[in-house]
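Remarks on the structure that follows.
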Amino acid sequence: MLAKRREDRLVFDLQHALAESFGYKAKSTPDGKHKQRASEVLMRQYYWAAKAVTQLNQILLLNIEEYLQAQRGDLQIELRKLNENFYEKNGLLELAQDDLYQKHPHAILETFLLYQQTQGVKGLSAKTLRALYNVRGVMDANFRRDPVNRATFLKILQESQGITHSLRLMNQTSVLGRYLWVFRNIVGQMQHDLFHVYTVDQHILMVLRNVRRFFIADHAHEYPFCSQLAAGWDKPYILFTAALFHDIAKGRGGDHSQLGVLEVKRFCRQHCIETKDAHLISFLVREHLTMSHVAQKEDLSDPDVIAAFAKRVGNERQLTALYLLTVADIRGTSPKVWNAWKGKLLEDLYKFTLRMLGGRAPDANAEVESRKRDALVELARHSEPHDGQKALWDTLDIGYFMRHDASEIAWHARQLSRYASKAERPSVATMAGKSIVRARISPLGEGLQVLVYAEDQTDLFARICGYFDQAGFSILDAKIHTAKNGYALDTFQVVTSLLPEHYRELINMVESGLSATIDQKGELPPPTKGRVSRRVKNFPIAPRISLHPDEKAQSWLLAISASDKMGLLYSVATVLAKHSISLKLAKISTLGERVEDSFLIEGSALQHNREQIEIETELLQVLQS
């Protein structure tokens, strides 16, 4: 009825209207500063009810299956005694006595430890599931305080195999939430932030599963660098515990990272975890958002950014653990959030920081010379003329070489050396009055990398954004550089939903279409007006803008957070162009249907408070329109 068509799914954008029609109200969080939406209250109750139904269904279906097998006469019972309390019955874990849990509550957690340790056991029998369902009242505060139970739970986390299956089964049977009471608070907790697609408990278990896969040789092909680091890691349970607690305080209001630290410190004390390990687990919970923030929003070519991050991380062990948890966390948010570009940013940040932690103070000149040497080797492989790149490189400063790796520098030289010249001589490109656009499949294997070499103009970035917007491309990253000869040398990472097998046609289309767009003079066309998705309509995000000078007070940092929509980046670029603001760096981060973009900008308008306010006001207007 709400969808005004046949709709059997309770899709995300209908949950709010349904909650209101059922009379659900928003509830304040414990700190009183935030509110849980009515839809979140509804969905949490739904998940709890669905979970109970699933548990009872499983018991019923196992009983029916056993009954039918007995009727047909093909029920062969294979019993294997595991210990005094448990048998394996046809691959399922079965209690030796129906009242085992009432008599020996310690056996409750022993069930899941045994499930982990026993090869061939694929689940729990109907008898065991029924007993667990009926013994929920036994799992009280005394049960949680029992030293034997605490030791068993720690063993579950420290087992070398089966951690993911065991904790998922504990969650399905409601044992995890009853033993770990703080976990119970986030079971079924929705995250209506437009990029989390799982409830908090399922997200946590997904992150834990991702961490576990780094330690399994069969999955080493998925993320080879993470698997390589995990192979040298001595205590996986530290990462498992951090994954279990990293979002444990979601939904309370306040900073969930700081609140989570309090919970995990209490857990470590109660379970007698070594002080050194407890310190690392607390660090990971507190900083689990830091690495993705730095990688996706700050300039990784700036040694000061790396130095500040290295100081915050402290040592190589903490850096490695944080990197592994960060990759697992982003991957466990939504299938759409992770991409190869984010993976490269995180890996670059890890390697830059590791070098600094190793005592190698950043030497920009030495780094530039190293990249130039590697680029020359690459050029020689392509039989480029000796010193053919010199004219181009003479027009570029140290900032260019710090922002691009050797393979990009070599690619630029191969494409532009014949056009570029020393600053004192007009270039061939200048005489032709044409912009040069080159594209290739991104070295990351996802999307295209696009090079633009054109006479610099205040609205150049806006024109480029406008073209990509019209052509259906999303910009992931932009590196903007102005050469000494007055030419802009910009590099973009873009992705598209178009089929990857048509990449040759895509490259030709971008090279000709973008070049023509840049060379057109006149006013910028208005941005494309796209339809706002129903999810964004029902769960709007209040747009936020932050504008402040960087630490060196040479440039300004502009951060934007808003609901995603067509033409958003182009609209922002047109405002900047209108005020003659030039762009040095852009990092575009799309989290589901929310965007969080960061720009490094400069311009005389930023030196005056009145114009600053005008820029911020106009940006808010385009974000809200």
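Across region 564-591, what is the number of residues that are basic (Lys, Arg) and in contact (Cβ under 8 Å) with a residue 60 or more places away in the chain? Show your work before the answer.
Kept after step one, since they are basic (Lys, Arg), are these residues of region 564-591: 565, 578, 584, 587.
Add one more test, that the residue is in contact (Cβ under 8 Å) with a residue 60 or more places away in the chain, and what stays is 584, 587.
Selection size over region 564-591: 2.
Filter region 412-433 for residues that are open to solvent by 10 Å² or more (accessible area, probe 1.4 Å) and at pLDDT 80 or above; which is farthest from the chain's Cα centre (by Cα)?
418
In region 223-282, how many are in a loop (DSSP other than H, G, I, E, B), among the hydrophobic types (A, V, I, L, M, F, W, C) and open to solvent by less than 50 Å² (accessible area, probe 1.4 Å)? First the steps, then the outcome.
Pass one, region 223-282, residues in a loop (DSSP other than H, G, I, E, B): 223, 232-235, 246-255, 271-274.
Filter once more, so that each one left must be among the hydrophobic types (A, V, I, L, M, F, W, C): 233, 248-249, 272-273.
Those still in the list that are open to solvent by less than 50 Å² (accessible area, probe 1.4 Å) too: 233, 248-249, 273.
The qualifying residues number 4.
Which members of region 512-537 meet the condition of being modelled with pLDDT of 85 or more and either among the β-branched types (Val, Ile, Thr) or buried (at least 16 other Cβ atoms within 10 Å of the Cβ) (or both)?
514, 515, 517, 518, listed by residue number.
Just one of the numbered conditions (1) farther than 19 Å from residue 588 by Cβ; (2) in a helix (DSSP H, G or I); (3) of a type outside the set (Ser, Thr, Tyr) is not true of residue 342; which one?
Of (1) farther than 19 Å from residue 588 by Cβ; (2) in a helix (DSSP H, G or I); (3) of a type outside the set (Ser, Thr, Tyr), only one is false for residue 342: (1).
Looking at this structure, is residue 568 within 30 Å of the chain's Cα centre (by Cα), at pLDDT 85 or above and open to solvent by less than 50 Å² (accessible area, probe 1.4 Å)?
Working: within 30 Å of the chain's Cα centre (by Cα): yes; at pLDDT 85 or above: no; open to solvent by less than 50 Å² (accessible area, probe 1.4 Å): yes.
No.
Could you say whether any residue in region 287-308 is open to solvent by less than 30 Å² (accessible area, probe 1.4 Å) and under 19 Å from residue 234 (Cβ atoms)?
no
Could you give me the residue pairs with C-beta distances under 7 Å whose first residue belongs to region 1-30 and is farther than 27 Å from residue 254 by Cβ, whose second residue is part of a loop (DSSP other than H, G, I, E, B) wherever it lies, and which are 6+ apart or on separate chains?
Correct list of pairs: 14/2; 14/3; 17/2; 18/2; 18/10.
Any idea which of 342, 311 is on the phi < 0 side of the Ramachandran plot and open to solvent by 40 Å² or more (accessible area, probe 1.4 Å)?
Values: 342 fails: open to solvent by 40 Å² or more (accessible area, probe 1.4 Å).
The unique qualifying residue is 311.
Could you list, ordered by first residue, the pairs with Cβ atoms under 7 Å in which the first is in region 276-292 and in contact (Cβ under 8 Å) with a residue 40 or more places away in the chain and the second is in a loop (DSSP other than H, G, I, E, B) and open to solvent by 10 Å² or more (accessible area, probe 1.4 Å), at least 6 apart or interchain?
Sorted first by the residue in region 276-292, then by its partner, the pairs are 277/235.
Would you mind finding the one in 600, 619 that is surrounded by 19 or more Cβ atoms within 10 Å (Cβ to Cβ), assigned to a helix (DSSP H, G or I) and in contact with a strand residue (DSSP E or B) (Cβ under 8 Å, 6 or more places away or on another chain)?
Values: 600 fails: assigned to a helix (DSSP H, G or I).
Going through 600, 619 in turn, just one is surrounded by 19 or more Cβ atoms within 10 Å (Cβ to Cβ), assigned to a helix (DSSP H, G or I) and in contact with a strand residue (DSSP E or B) (Cβ under 8 Å, 6 or more places away or on another chain): 619.
At pLDDT 95 or above and surrounded by fewer than 19 Cβ atoms within 10 Å (Cβ to Cβ), is that true of residue 197? Write out each step before concluding.
Details: at pLDDT 95 or above: no; surrounded by fewer than 19 Cβ atoms within 10 Å (Cβ to Cβ): yes.
Judged against the criteria, residue 197 is not a match.
Output the residue which, of all residues in region 449-485 that are open to solvent by less than 10 Å² (accessible area, probe 1.4 Å) and in a strand (DSSP E or B), is farthest from residue 417 (Cα to Cα).
Taking the candidates together, the pick is 477.
Any chance you could count how many residues in region 135-168 are farther than 18 Å from residue 267 by Cβ, in a helix (DSSP H, G or I), in contact (Cβ under 8 Å) with a residue 12 or more places away in the chain and open to solvent by 20 Å² or more (accessible area, probe 1.4 Å)?
The number of residues fulfilling the criteria is 4.
The values are calculated or read from the model by the stated rules, or taken from the named source; none is laboratory data. None of the values given here were measured: they were computed from a predicted structure. Cβ coordinates were reconstructed from backbone atoms using ideal geometry, including for glycine residues, and neighbour counts include every protein chain displayed. SASA here: full protein model, heavy atoms, side chains in, ligands and nucleic acids out. Shrake-Rupley method; radii C 1.70, N 1.55, O 1.52, S 1.80 Å.
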